[in-house]
Structures are given as structure tokens and as C-alpha cells.
Amino acid sequence: MAGSDILKVAICDDEMTQRRQLQFIIDKSRPGTEVNLFESGEDFLNAFRPGLYDLIFMDILMPGMGGIDATGKIRNIDASVPIVFATSSKDHAMEGYKNRVIRYLMKPFDPVEVGEVLELAAQMKGTQGGVTVRINGKDMTFSFEKICYVEQSSHTLYMHMANGATLQLTGKLDNIEAQTPDDSFLRCHQSYLVNLAHAKCVDRGLQIFKMKDGDTVHIRRESLAEANRMLSEYTMKNL
């Protein structure tokens with residue numbers, strides 16, 4: 001299975017047996033899938049960043065932060081990641097609708113239904129827009145949500161990714177900018193292109209974007225007003 005075809009999946013459930021059962025079914029249904037396990041909503045949110053996962057299985061009833069609250073917080077920072085509610089009750093349909101979950105899975109898990117969800121997530125991943133770059137002689141495409149920002153230094157580009165990695169390649173920032181949507185990416189500086197989905201706020205005094213992962217991105221002075229306006233509009237649109 002090619003790297004771009006591998007799904008990255010998170011399972012958040014407080015019961016170890018349920019986590020392991022679902023992981024076993026996923027391994028059988030779609031070999032090669034990367035699966036990360038979390039036992040609480042708090043643990044998951046501490047590790048979560050937009051674009052990190054292609055699919056999230058979220059248990060509704062957990063001690064502490066339940067799945068509904070966790071999903072609401074996920075949606076505040078990632079509007080489109082596919083989320084599946086795992087539950088023993090269908091009493092939470094309205095919460096699922098509000099948080100745009102793609103499916104309910106009843107426990108115990110049905111392998112056929114899990115396989116259907118994995119296939120749907122793969123299809124959704126395939127239809128997402130992305131940026132194509134050449135790395136080590138091979139064209140690779142990264143979905144928009146996985147890119148936090150891109151920095152240019154001389155003829156070298158540094159793509160800062162949602163999973164914490166930084167990819168280094170030769171190229172021009174103009175070519176990356178041309179592949180990105182104008183309503184969610186901003187060329188805020190000659191050397192920086194920022195994904196507003198990963199921006200936390202604008203610091204006018206320091207002339208920077210403060211990013212959700214703690215990084216900072218420079219903004220040229222004449223773009224400060226535009227940066228502030230675009231981030232406000234993007235945030236309101238994705239509430």
C-alpha cells in the first residue's frame with residue numbers, strides 16, 4: 001500500500017478491550033492502517049492536531065471528558081476530519097448531527113460496518129485537495145489540512161506539518177501558493193505561506209501569527225490588517 005493510501009486512525013475509548021477489539025478488526029479489514037489508541041478524551045486532545053488523522057473513532061461515554069465534549073473541541077480546530085461515534089446507545093443522534101459525525105457504530109463492533117467506515121474515510125481522503133511537491137525525485141501530495149505553514153529560505157522550502165515533521169525540499173514558495181485555496185491560506189510574508197486552520201491568533205505588536213502548535217510565523221507590516229481580517233473570517237466560518 002502506497003504511503004499516500006495509508007489511513008491514520010485514532011481510537012479513543014476508556015475500555016482497553018474495546019480499543020483492542022476495534023484495532024484487531026481494522027488490522028484485518030485494512031492491513032497497513034496506522035492506529036493510535038487513547039483511553040480518554042483528555043489524552044486524545046492533548047495529542048491532537050488538525051490534519052493528523054484521517055479517521056477518529058470516538059467512544060461517547062467515558063469518565064471525565066466524554067466523547068461528545070471531546071468531539072466539540074475537535075470541531076473547534078478541525079472542521080472536516082471524519083469522526084465516528086462508538087456507542088451502546090442511539091440516544092445521542094442530535095449531538096452527532098451538530099458535530100457532523102459520519103457514522104454511528106454500535107458495540108460490539110460489526111467488522112462489516114467498520115470496513116465500510118474505513119472505505120468511506122479512504123474515499124474522503126482521496127477527494128481532499130492538496131499540495132503536490134517533488135521530494136527525492138518523487139511527486140508526493142499532502143492534503144491541505146496536514147500543512148501548518150511553508151517557509152522559504154533561498155531556494156529551500158520547509159513544509160511544517162501537522163504531525164510535527166518538517167519536510168525540506170528545493171522549490172519556490174510561489175509554486176506552493178498557486179496550489180492552495182485563497183480563503184484558507186495566506187501569503188503573509190515574502191518567505192511565509194500560512195494555513196489559517198492552524199493559526200491561533202495575530203499578534204500585531206510582534207507582527208506574527210501565533211500557531212496552535214506553539215510556532216510563530218512572520219507577517220509583513222502591510223499585511224497585518226489583512227491577516228487579522230482573514231483569520232477572523234476563517235474562524236467565524238468554521239465555528
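FYI, it's all coordinate maths here, none of it is from the lab. Given the structure is predicted, the values throughout are model-derived calculations rather than measurements. No Cβ is skipped: glycine too gets one built from the backbone with ideal geometry, and neighbour counts run over all protein chains shown.
What to note about this one:
- Residue ranges of strands (runs of 3 or more DSSP E) in segment 188-231 with at least 3 members out of contact with any Phe, Trp or Tyr (no Cβ under 7 Å at 6 or more places or on another chain): 199-203, 208-211
- Subset of segment 1-22 (residues that are closer than 16 Å to Ile83 by Cα and surrounded by fewer than 23 Cβ atoms within 10 Å (Cβ to Cβ)): Leu7, Lys8, Ala10, Arg19
- Search result, residues across segment 209-238 that are surrounded by 14 or more Cβ atoms within 10 Å (Cβ to Cβ), over 19 Å from Leu157 (Cα atoms) and aliphatic (A, V, I, L, M): Leu224, Ala227, Met230, Leu231
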